[in-house]
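The values are calculated or read from the model by the stated rules, or taken from the named source; none is laboratory data. Please read all numbers here as calculations on a predicted model, not as lab measurements. Counting neighbours? That spans all protein chains shown, and the Cβs are built from the backbone with ideal geometry, glycine included.
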Amino acid sequence: MSSSRHSEYDHTSEEWEAQRDLFTHYYAVEDKPLREVKEIMENQYGFRATERQYKRRIALWNLDKNIKDSDMKVMLRVQLQRRNQEGKETAFYLHGRPVPHQKLERYLRRKALSEADIMSWNMPLPSYITCHTPTYETAPQMGESSRSGAAGQYGSYSTSQYDASSAYATTSSSSYYPTYYSSY
């Protein structure tokens with residue numbers, strides 16, 4: 001009896017991969033909590049798995065919603081450098097998924113960091129973090145979205161990628177930049 005109940009929770013790698021896009025959509029794109037996604041997968045798609053199994057897949061697929069402290073620091077440094085030295089806004093991708101600028105703002109406020117603090121971190125940009133200069137059809141205000149989903153805060157992206165080791169041109173800063181750097 002217990003083996004039949006247990007078997008409905010046992011899935012092959014192929015079965016997991018078949019559910020990956022659905023799970024990623026609900027968990028990462030729609031930003032639903034794991035318990036809610038687990039219920040959706042069971043009720044709407046008949047895919048039953050334990051919370052622990054889902055957590056293993058989240059780690060395996062790099063879908064963790066929490067951003068490491070070191071990653072936040074390097075993104076803030078790159079963002080500040082680009083703003084000060086190139087006058088550019090910056091949109092980040094972590095493991096191929098967009099990082100909402102609100103997460104960076106919240107981290108900065110929570111840690112009460114100054115520009116000097118941020119610039120003192122001399123860490124390279126990891127290969128799993130990319131950044132781009134966003135372009136707008138119409139420039140959104142802080143907190144507004146021009147597209148839906150997790151990437152909505154930036155509009156469409158240009159294809160230029162930032163190289164942390166390159167030289168910088170000094171230009172005037174954009175008026176779009178949030179004032180959270182200059183307030184310290």
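Structural remarks
- For Tyr177: the one exception among (1) in contact with a Lys or Arg (Cβ under 8 Å, 6 or more places away or on another chain); (2) at pLDDT below 90; (3) closer than 19 Å to Ile67 by Cβ; (4) not hydrophobic (A, V, I, L, M, F, W, C): (3)
- Pairs with Cβ under 6 Å, 6+ apart, first in the stretch 54-72 and under 17 Å from His101 (Cβ atoms), second part of a helix (DSSP H, G or I) and not basic (Lys, Arg): Met72/Tyr107
To keep it simple, each residue is scored yes or no on (1) touching a strand residue (DSSP E or B) at 6+ places or on another chain (Cβ under 8 Å); (2) at negative phi.
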{"residue": "Glu30", "(1), (2)": "no, yes"}
{"residue": "Leu34", "(1), (2)": "no, yes"}
{"residue": "Ile40", "(1), (2)": "no, yes"}
{"residue": "Gly87", "(1), (2)": "no, no"}
{"residue": "Phe92", "(1), (2)": "yes, yes"}
{"residue": "Arg97", "(1), (2)": "no, yes"}
{"residue": "Pro100", "(1), (2)": "no, yes"}
{"residue": "Cys131", "(1), (2)": "yes, yes"}
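- Any helices (runs of 4 or more DSSP H) falling wholly within the stretch 1-97 and containing at least 3 residues that are in contact with an Asp or Glu (Cβ under 9 Å, 6 or more places away or on another chain) and crowded, with 18+ Cβ neighbours inside 10 Å: 69-86
- Within the stretch 98-115, tally of residues that are closer than 26 Å to Leu63 by Cβ and outside any helix (DSSP H, G or I): 3
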